[in-house]
Amino acid sequence: MVSGDVANPQLSDAHLVEGCLKGDRQTFRLLYQRYQHKVRSTLYQLCGGSVLDDLVQDVFLRVWKGLPKLKNPQHFSTWLYRITWNVASDRRKQFAQQRSQLETLNHHADLRISDVSDLMHLHYQDLVQKGLAELSFDHRTVLVLHDLEDLPQKQIAEILQLPVGTVKSRLFHARAAMRKFLEQQGVQL
Amino acid sequence: MSKLPKDDHKLVDFIRQNCPEVPPTNQDLEAKIMAAVAATTPSEPVKPSPVMSWRRRSLWLMPPAIAASLLIGWGTNQLLTPVPLTATELASLEYFIENTWDEAIEPDRPDWYLDF
């Protein structure tokens, strides 16, 4: 989706938050357009795609309701990631006993296989998804936020309310586990 | 992003290149969310409760309370500290003690303790 806000990058998060606090729902639409892809991507990597739209909606509704409680609008993105992580965490607890994300991925992959040249790429996607699923939720969260969403460690520490040292440690262990898994599957890194 | 160890570069590149693609956004989702937003009022900012206000007010009472305690302590100390005796008073006291004790433990009287 082309974000309308891309044409107005000078509008800061804090400015948009202020507009929302005045009751301007169109301003909230700009915030949604600015961040929906990041939220969607993070939720997908953490929870899979089965109820992705519901989770995205849950995140943005929580954001809308909680905006008056946001003390520092300049830290909106950190706060948004925190809510995203909370929604993902709640979802994980609810479905801890249900089918794994692997089934969802297989379903997704089946729909996509149309070209033999894509086969290896799909295989690697499958391995990465399996590798992520093998990680603990805490390690997966740090790996997704740092290596896929490209967030700095300091911001991840603020999002998860952890010391930076803990984030580093989790990232180290997450990568080690991922590397081990991929090498066991025959991938040479 | 922080510097990556050499080995991690290849790993991170591999994960990024082969990260499963996020399913495309449902075009109706934005409208759905905005409709839900339109039906929802943002939460009111949390107002400090009366208990909190009372606690905050009580914090302001602390410095005067400490000052009053120190003043009372100092005053009590001043009241209870004995005033130094003059030479005349000391001599009078000494005389009194000598007379009194001499009669109380007179060594020549074996039954002195029966006086009580």
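The values are calculated or read from the model by the stated rules, or taken from the named source; none is laboratory data. Treat the numbers as computed from the prediction; the structure is a model and nothing was measured. Counting neighbours? That spans all protein chains shown, and the Cβs are built from the backbone with ideal geometry, glycine included. All accessible areas refer to the heavy atoms of the entire protein, side chains included, with ligands and DNA or RNA removed. Shrake-Rupley method; radii C 1.70, N 1.55, O 1.52, S 1.80 Å.
Looking at B:Arg16 and the list (1) within 8 Å of chain A (Cβ to nearest Cβ); (2) at pLDDT 85 or above; (3) open to solvent by less than 80 Å² (accessible area, probe 1.4 Å), which single condition is not satisfied?
Among (1) within 8 Å of chain A (Cβ to nearest Cβ); (2) at pLDDT 85 or above; (3) open to solvent by less than 80 Å² (accessible area, probe 1.4 Å), B:Arg16 violates only (3).
Please pick out the residue among B:Ala39, B:Ala35 that is over 30 Å from A:Leu182 (Cβ atoms), at pLDDT 85 or above, more than 7 Å from every other protein chain (Cβ to nearest Cβ) and open to solvent by less than 80 Å² (accessible area, probe 1.4 Å).
After ruling out the rest, the residue left standing is B:Ala35.
Output the residue which, of all residues in the stretch A:135-168 that are part of a loop (DSSP other than H, G, I, E, B) and not hydrophobic (A, V, I, L, M, F, W, C), is least open to solvent (accessible area, probe 1.4 Å).
A:Glu149
From the set of residues in the stretch A:38-52 that are in contact with a helix residue (DSSP H, G or I) (Cβ under 6 Å, 6 or more places away or on another chain) and over 16 Å from A:Trp85 (Cβ atoms), which is surrounded by the fewest Cβ atoms within 10 Å (Cβ to Cβ)?
In this case the residue turns out to be A:Ser50.
Considering only residues that are within 12 Å of chain B (Cβ to nearest Cβ) and not in a helix (DSSP H, G or I), which ones fall in the stretch A:67-81?
A:Leu70, A:Lys71
Any idea which of (1) within 11 Å of chain B (Cβ to nearest Cβ); (2) of a type in the set (Asp, Glu); (3) in contact (Cβ under 8 Å) with a residue 12 or more places away in the chain is the one A:Asp13 doesn't satisfy?
(1)
For the stretch A:53-98, what are the residues that are under 16 Å from A:Leu16 (Cα atoms), open to solvent by 50 Å² or more (accessible area, probe 1.4 Å) and either touching a helix residue (DSSP H, G or I) at 6+ places or on another chain (Cβ under 7 Å) or polar (S, T, N, Q) (or both)?
Scanning the stretch A:53-98 gives A:Asn72, A:Gln74.
Cβ contacts < 9 Å: first residue at the interface with chain B (Cβ under 9 Å from one of its Cβ atoms) and at negative phi, restricted to the stretch A:45-66; second residue in a helix (DSSP H, G or I) and among the basic types (Lys, Arg), any location; separation 6+ or different chain. Result?
Pairs found: A:Gln45/A:Arg140; A:Leu52/A:Arg40; A:Asp53/A:Arg40; A:Asp53/B:Lys32; A:Val56/A:Arg40; A:Gln57/B:Lys32; A:Trp64/A:Arg25.
Among the listed residues A:Leu171, A:Leu182, A:Leu127, identify the single one that is open to solvent by less than 10 Å² (accessible area, probe 1.4 Å) and either at pLDDT 95 or above or away from every other protein chain (no Cβ under 11 Å) (or both).
A:Leu171
Just wondering, is there one or more residues in the stretch A:24-37 that are at the interface with another protein chain (Cβ under 9 Å from one of its Cβ atoms), within 22 Å of A:Asp150 (Cβ to Cβ) and at pLDDT below 90?
No: zero hits.
Please state which one of B:Asp108, B:Asp102, B:Asp28 is open to solvent by 90 Å² or more (accessible area, probe 1.4 Å), modelled with pLDDT under 85 and either within 30 Å of A:Tyr35 (Cα to Cα) or assigned to a helix (DSSP H, G or I) (or both).
Within the list B:Asp108, B:Asp102, B:Asp28, the selection yields B:Asp102.
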